[in-house]
Amino acid sequence: MTVNADSTQRRKLATKPFAKADRIFFGVARAAAYSSFVIIALILIFLIGRAIPAFQTQGIIDFAFGSTWDASASPQKFQLGPMLWGSVLISLIGVVIAIPLSISIAYFIEFMAPKVLAKAVTTIVDLLAAIPSIVLGLWGAFVFSPIAAGWAKMLNQSFGWIPIFDNPEQNFLRSPFIAGIVVAVMIVPIIASITREIFSKMDRDIINAALALGGNRESTLRKVILPTASGGIVGGILLGLGRALGETVAVLYVLNISFDINWGQVLQARGGSVASMIISKFGEANPSEISALMAAGLVLFMFTLVINSIASYIVAKAQPWRK
Amino acid sequence: MSSRTYQLSAENVNVWFGERHVLKDVNLAFPSNQVTALIGPSGCGKSTFIRTLNRMHELIPSAGFGGKVLLDGEDIYGDGVDPVKVRLKVGMVFQKPNPFPTMTIQENVLSGLKLSGRKNPNNEELVETSLRRASIWNEVKDRLNDPALSLSGGQQQRLCIARSLAMGPDVLLMDEPCSALDPGSTRRVEETILELAPQMTIVIVTHNMQQAQRVADQTAFFLSEDGNPGHVVEFGATEQVFEQPVDPRTNDYVNGHFG
C-alpha cells in the first residue's frame, strides 16, 4: 500500500448539516442573525442620508452642542444641545432613583422572600416592563405629576438652598425631576431583573462564608455581594440608561420641553429630551427641519449605541474571577 | 484525662428539613483543645449537624431544629442569642475553598473585621499571626496584596482558615475541608489542624478514614439507615472507634465494607 502524502495534512472537518431539517433550521437561524446587521445598517444609511443636509447647513459640532432651535429664523438654526443634555439629565435622575430600588428588589427576591412570594414579585416586576410607555405617560401626566409636584415642593422648601433644588417660579409641574421618576419606573424592571440574575448565579458559599465570619445581612451585601456582582449590575444599569435615553412618549407627557438649557435645576419646569423633542416637532416640520430631526435621531442613536456597547463590554469583561 | 472540660456540646439535637426528620437525638460533647472527627456515609447528616453548631443551619429555608447546643454553658439557640455573635466565637471552614474573589490576600484575612464591624488595633500584626497560625505566611508574605484567587486551591483553603482564625474563635468547624484538594495540599491542611489543636476546639467532618485517624482525638460515627433520620452510632476515642468498635456497623464502615 502506498502512503498517501496527504494523510499527514490537516483536513477541514465538515460541520455542515446533512439532514434536510437541519439545513432549513441552520438557514433560518443564520438569516435571523444576519438580519440584525442588515437592519442596523439600513437604519443607519437612511438616517445618515436624511441627516446630511442638516449637518451641512448647521455644522456637526454646532448641531450637537449649540442651543438654539428656530425654524422660522433666517437662516434656520437647528442646535440640539439642550435636548441632548436634557436626555442625559433625566436619565441620570432616573438611574439614581432606580439603582437602590432595583438592588433592593433583587435582594428581596433572591435572599429574603419565600419561594412563592419571590415568584410573584418577579412576575410583577417583569409586568412593569410590559406597560406601554403611552400608558405610563398618561398616568404620569394625570395621576402622578400632581403628587410628584408635592414632593418637589417639599424638597424645595427643605433643601432649596442647594442650587439643584432652587425654583424661584414655584411651578413644580413638568420638571426633569418628575420625568426622571417616570423614567425610573420604566427602567427598574430592567436593572432589577439583571441584578437578580447575577445574584442567583453567585456562589452561595461566598455568602455563607461572610455570614460565618460574623457578617450580618447588611455588611454581607455591602462588602461581599455587591462587589462580587458589581460588573453585572453596572451592565444592567447601562442597559437601563440606554432605555432611559431613548424614552419618548412618557417623557413628552410629563416634561416641559425647552431650549432654554437647564443645567441641573431639576425642579424647574423646563427640560429637554431628544426623543420627545423629535416627536413633538415632527408633525409641523418643514423639509429642512425634518432633516434636522433625522440628524437628532442619528445623534441619539449613536449615543445609545455607545452606551449599550459599553454595557455589554462591562458585563462580559468586568468579572475576571468568573471562570 | 478525667478533668476534661467541654466547651461545646450538643444535647438531643434534632433536625428537620420541612417534614423530613434528618437528625435524631444527637448527643455529643467536644472536649476543649481537641479535634473531633465526624464520619459516616453520604447523607447521614454529619454536614447538617456541624452547621447547627454555629447556627448556619437555620439559613436554609424550611430548616427546623430541636434540642440544645451549649457553648461555654450557654444554649446558643436560647432566646435573645444573636446568631451573629455565636458565629464570631465559632468559626467555620467550608468544603470548597471560598476566599472572597474581589479581595486581596490581606483583605481576605481582615474581611471578618470589616463584616462584623469589629476594630483591631494592629491589623498588620493580626494578618501575620493569622497567616502564621494557618501555616501559609511564608508562602504569601511577599504578595499580601495579590488577589486571593491567584493562590492554589490548597493555599486558598489555608487562607480561609486564616480568615476564620483572625476573628479569634474558640471553636473551629471544618466541613470536609480537604475534599476539593490534592494529596499534597491535604497534608498541609492536616498539619495546620494539628498545630491549631492545642489552642482551640476543632470539629471536622471528613469522608477520609485515614484523615480522621491522622488528625482526630475523638471520632463520632453517624449513620442514617433505611430512610430513618441520621444518628450517632458510635462515639469515642479515635483509636477505639477504628480498632475496637463496639457496634458491628461501625466496624463495617471503618473497614470499607460500605459507604
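The values are calculated or read from the model by the stated rules, or taken from the named source; none is laboratory data. Because the structure is a prediction, the values reported are computed rather than measured. Cβ coordinates were reconstructed from backbone atoms using ideal geometry, including for glycine residues, and neighbour counts include every protein chain displayed. Ligands, DNA and RNA are stripped out before the accessible areas are found, and what is left, the full protein with its side chains, is counted by its heavy atoms. Shrake-Rupley method; radii C 1.70, N 1.55, O 1.52, S 1.80 Å.
In table form, for the structure just shown:
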{"item": "Spans of helices (runs of 4 or more DSSP H) in the stretch A:112-160 with at least 2 residues touching a Gly at 6+ places or on another chain (Cβ under 7 Å), farther than 24 Å from A:Ser276 by Cα and open to solvent by 70 Å² or more (accessible area, probe 1.4 Å)", "result": "none"}
{"item": "Qualifying residue in the stretch B:73-89 (condition: closer than 13 Å to B:Val171 by Cβ, in contact with a Gly (Cβ under 8 Å, 6 or more places away or on another chain), without any contact (Cβ under 8 Å) to a residue 60 or more places away in the chain and surrounded by 13 or more Cβ atoms within 10 Å (Cβ to Cβ))", "result": "yes"}
{"item": "Residues of the stretch B:116-147 satisfying the condition of being at the interface with chain A (Cβ under 10 Å from one of its Cβ atoms) and either on the phi > 0 side of the Ramachandran plot or at pLDDT 95 or above (or both)", "result": "B:Gly117"}
{"item": "The listed residue being over 28 Å from A:Ala244 (Cβ atoms), of a type in the set (S, T, N, Q) and surrounded by 13 or more Cβ atoms within 10 Å (Cβ to Cβ), out of A:Thr15, A:Thr57", "result": "A:Thr57"}
{"item": "Test: residue in the stretch B:217-233 that is over 19 Å from the mean Cα position of the chain (by Cα) and either among the β-branched types (Val, Ile, Thr) or modelled with pLDDT of 95 or more (or both)", "result": "yes"}
{"item": "Elements of type helices (runs of 4 or more DSSP H) contained in the stretch B:150-259, each with 1 or more residues being among the polar types (S, T, N, Q) and touching a strand residue (DSSP E or B) at 6+ places or on another chain (Cβ under 7 Å)", "result": "B:153-165, B:238-243, B:248-254"}
{"item": "Selection within the stretch A:161-216 - within 28 Å of B:Met92 (Cα to Cα), open to solvent by less than 10 Å² (accessible area, probe 1.4 Å) and touching a residue at least 24 places away in the same chain (Cβ under 8 Å)", "result": "A:Phe199"}
{"item": "Any chance A:Ser67 is in a loop (DSSP other than H, G, I, E, B) and at negative phi", "result": "yes"}
{"item": "Selected residue (only one of B:Ser32, B:Ser42 is more than 10 Å from chain A (Cβ to nearest Cβ), under 21 Å from B:Glu191 (Cα atoms) and open to solvent by 20 Å² or more (accessible area, probe 1.4 Å))", "result": "B:Ser32"}
{"item": "Test: B:Pro177 is surrounded by 16 or more Cβ atoms within 10 Å (Cβ to Cβ), over 30 Å from A:Gly214 (Cβ atoms) and not basic (Lys, Arg)", "result": "no"}
{"item": "Looking only at the stretch A:217-230, and only at residues there that are within 7 Å of chain B (Cβ to nearest Cβ) and open to solvent by less than 20 Å² (accessible area, probe 1.4 Å), the one that is nearest to B:Leu53 (Cα to Cα)", "result": "A:Thr220"}
{"item": "Test set (1) in contact (Cβ under 8 Å) with a residue 12 or more places away in the chain; (2) under 27 Å from A:Gly214 (Cα atoms); (3) surrounded by fewer than 20 Cβ atoms within 10 Å (Cβ to Cβ); (4) among the small types (Gly, Ala, Ser) - B:Gly184 fails condition number", "result": "(2)"}
{"item": "Odd one out for B:Asn98, checked against (1) facing chain A (nearest Cβ under 7 Å); (2) outside any helix (DSSP H, G or I); (3) open to solvent by 40 Å² or more (accessible area, probe 1.4 Å)", "result": "(3)"}
{"item": "Number of positions in the stretch B:69-85 that are assigned to a strand (DSSP E or B) and more than 18 Å from the chain's Cα centre (by Cα)", "result": "2"}
{"item": "Unmet criterion (only one of (1) more than 10 Å from chain A (Cβ to nearest Cβ); (2) under 15 Å from the mean Cα position of the chain (by Cα); (3) among the aliphatic types (A, V, I, L, M)) for B:Val109", "result": "(2)"}
